[in-house]
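The values are calculated or read from the model by the stated rules, or taken from the named source; none is laboratory data. None of the values given here were measured: they were computed from a predicted structure. Note that each Cβ is placed from the backbone with ideal geometry, even for glycine, and that neighbours are counted across all protein chains shown.
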Amino acid sequence: MHYPDFNSYRERLQKDAVLPWGFQVATTALKFGPEGNSGSEPLPMNLALIRLDEPSPAFAGVFTKNAFPGWPVIAGRELMGAPEAQGVLVNNKVANVGVVGGLDASRHLTSSMAELLGDKAPYFPSSTGVIGWSLPVDDMEKALPSLKNTLQSDSILPFAEAILTTDGWPKIRSYSCGEGRITAAAKGAGMVGPDMATMLAFFLTDIDIPRNLLRDILTEVVDESFNRISVDGETSTSDTVLFFSSRRRPYPGDGVFRGALEETAMRLAEDVVRNGEGTAHVFRVRVSGAPDVKTAVFLARAVVNAPLTKTAVHGNDPNLGRILQALGAACGRISLALPRNRLTMTIGDIQVLENACMRLSAEDEKVLSDYFKFSELPIPDPGWPLHEKTVDINLDIGIGDASASVMGSDLSKEYVEINAAYRT
């Protein structure tokens, strides 16, 4: 897909942004002065709400495996046992992690939201932003009535725009599912190496799917999509994927539902990588011939996260040595012997390694360097993705029948600059 200008990208977003039956969203903005902030000017914060018309027992969630999770994650895990849910209240700018009273703050705000709307079922809290800042509860609570006044059931696009932090553009995907649809929005640009990214994703459907089945399928799909991407290999304290069903349309069967969810999640996860902080290239490493899927994922992720691989891709340099050292080092860490005479590597359409020997001619190197350049995105980004191209690296280690892919982004000086000045 190619987007020559912002309007062409926004046109695609608007088509995907149609809400399933039974949902409303609202957004508002406020300003606050965080404790410990060295700046003198108040900072902007957005609040965003997803509300079910009627509370639903069909909801699911997958949360970060970071052992120091944010308070909204802790509250969200507790709410998984609730008989019904009403939706989710999201704020950007402040992650609500590692602060005194953070759990009470999340609970108070969601309870106030429910009371204001006359809802009996609970709302999930979800926060993203700076770790170590406290939520400005009073300022946020004063802004809640404006959420009530701006509820609409047409589009999730305002919600997707409101939850952004260092993201360059909103991310939305949608897919038909029987008589209904799945619509999803996500944010995430840095601290993305989900292991369940600051990744948040919210899925909505009007398909009537049983709660336990929804939870089983979501967990499996998250593992095959969001758990196989990486911007910087870091697992956020706030990573959350939530799924709500309004139960308005008949269930089309496991195959149809799973296929629609997989398509939506895979495309949304790729969008997160493409919008990674300082990203100029998206590249996909596929490891095949592995003894099992777990090993294939481990090896592919090791190659994706290796700084030398990431910098080579960023420099449009098809440096096979960088990739081979990352693969070999990862195999060494798990004591996996590589049968060198079976190992092959393909970049794009060119096989560059066979029988443990490189086959990269000067002509091939020029072709591959151009292939990298062809897949490049501009830095800084213009506010939308110009295209959806990837650099594809395929490694067959010749041991077994399992395979897996991990998608990542290159490493640029802009990534360092963004994160060096994140708070100051």
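Brief remarks on what is shown
- Members of region 87-111 that are under 25 Å from residue 19 (Cα atoms) and of a type in the set (A, V, I, L, M, F, W, C): 88, 89, 90, 109
- Failed item in (1) within 25 Å of the chain's Cα centre (by Cα); (2) crowded, with 23+ Cβ neighbours inside 10 Å, with residue 105 passing the rest: (1)
- Considering (1) surrounded by 15 or more Cβ atoms within 10 Å (Cβ to Cβ); (2) at negative phi; (3) over 25 Å from the mean Cα position of the chain (by Cα); (4) not acidic (Asp, Glu), the lone condition that residue 303 does not fulfil carries the number (3).
- Extreme residue, nearest to the chain's Cα centre (by Cα), among residues of region 227-283 that are among the hydroxyl-bearing types (Ser, Thr, Tyr) and at pLDDT 95 or above: 264
- Among the residues of region 94-117, those identified as under 17 Å from residue 146 (Cβ atoms) and either touching a Pro at 6+ places or on another chain (Cβ under 9 Å) or not hydroxyl-bearing (Ser, Thr, Tyr) (or both) are 109, 110, 113, 114, 115, 116, 117.
- Failed criterion for residue 287 (all others in (1) touching a helix residue (DSSP H, G or I) at 6+ places or on another chain (Cβ under 6 Å); (2) assigned to a helix (DSSP H, G or I); (3) closer than 23 Å to residue 227 by Cα hold): (2)
- Condition met for residue 148 (among the basic types (Lys, Arg) and either loosely packed, with under 14 Cβ neighbours inside 10 Å or assigned to a loop (DSSP other than H, G, I, E, B) (or both)): no
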